[in-house]
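Note sheet for the following structure.
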Amino acid sequence: MKYTLSDIDVIKKRLLSSPPLPPEKRIITLKTAVQKLEPALQNLLKKGYTYEQIHKILKENGFNISLNTLIKYSKEVKTHNVEPKRLKKTQKTNKRSISPLPALNKPIINKKESHFTIYDDSDDI
């Protein structure tokens with residue numbers, strides 16, 4: 001089917017003027033659902049529940065997810081939300097201790113794997 005620019009403008013205006021869906025009609029992914037549940041999941045883990053027990057509670061309440069997927073998504077959310085640990089002043093790295101990139105005029109070549117023979121005038125190439 002072919003569309004004119006006018007057709008696309010009409011469709012675009014309709015899409016942009018559509019109201020937001022109410023929460024009871026919004027479909028979210030399983031991963032997003034686990035993200036939303038993560039504070040409650042972490043609370044249960046702190047209380048001593050295992051992922052297996054949490055999985056059973058979720059299934060009993062109509063939330064269908066495999067145990068492995070629950071663990072995977074939960075750990076992804078947990079590691080994503082963790083702030084990197086700050087180094088103490090005594091642990092901070094010295095900027096000078098970081099090795100600079102190799103000089104551009106020095107070729108980085110593994111001579112054993114190279115099929116190019118390096119001669120004194122190779123820089124002229």
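The values are calculated or read from the model by the stated rules, or taken from the named source; none is laboratory data. Treat the numbers as computed from the prediction; the structure is a model and nothing was measured. As a convention, Cβ positions derive from the backbone with ideal geometry for all residues, glycine included, and neighbour counts pool all protein chains shown. Note: areas computed on protein heavy atoms with side chains; ligands, DNA, RNA excluded. Shrake-Rupley method; radii C 1.70, N 1.55, O 1.52, S 1.80 Å.
From the protein chains alone at 1.4 Å, what is the descending order of accessible area for Leu30, Leu70, Leu58, largest first?
Descending order: Leu30, Leu58, Leu70.
Can you give the accessible area of Thr32 in Å² (nearest 10), computed on protein heavy atoms with a 1.4 Å probe?
Approximately 40 Å² of Thr32 is accessible to the 1.4 Å probe.
Take the Cβ-Cβ distance between Tyr3 and Asn64 as r, set R0 to 35 Å, and report the resulting FRET efficiency rounded to the nearest 0.05.
0.30
Would you check the accessible area of Leu21, probe 1.4 Å, heavy atoms only, in square angstrom rounded to 10?
110
Sort Glu60, Glu52 from largest to smallest accessible area, using a 1.4 Å probe on the heavy atoms of the protein chains.
Solvent-accessible surface, decreasing: Glu60, Glu52.
Please give me the summed charge of the neighbours of Pro39: other residues whose Cβ is under 12 Å from its Cβ, Lys and Arg +1, Asp and Glu -1.
Charge balance in the 12 Å sphere: +2.
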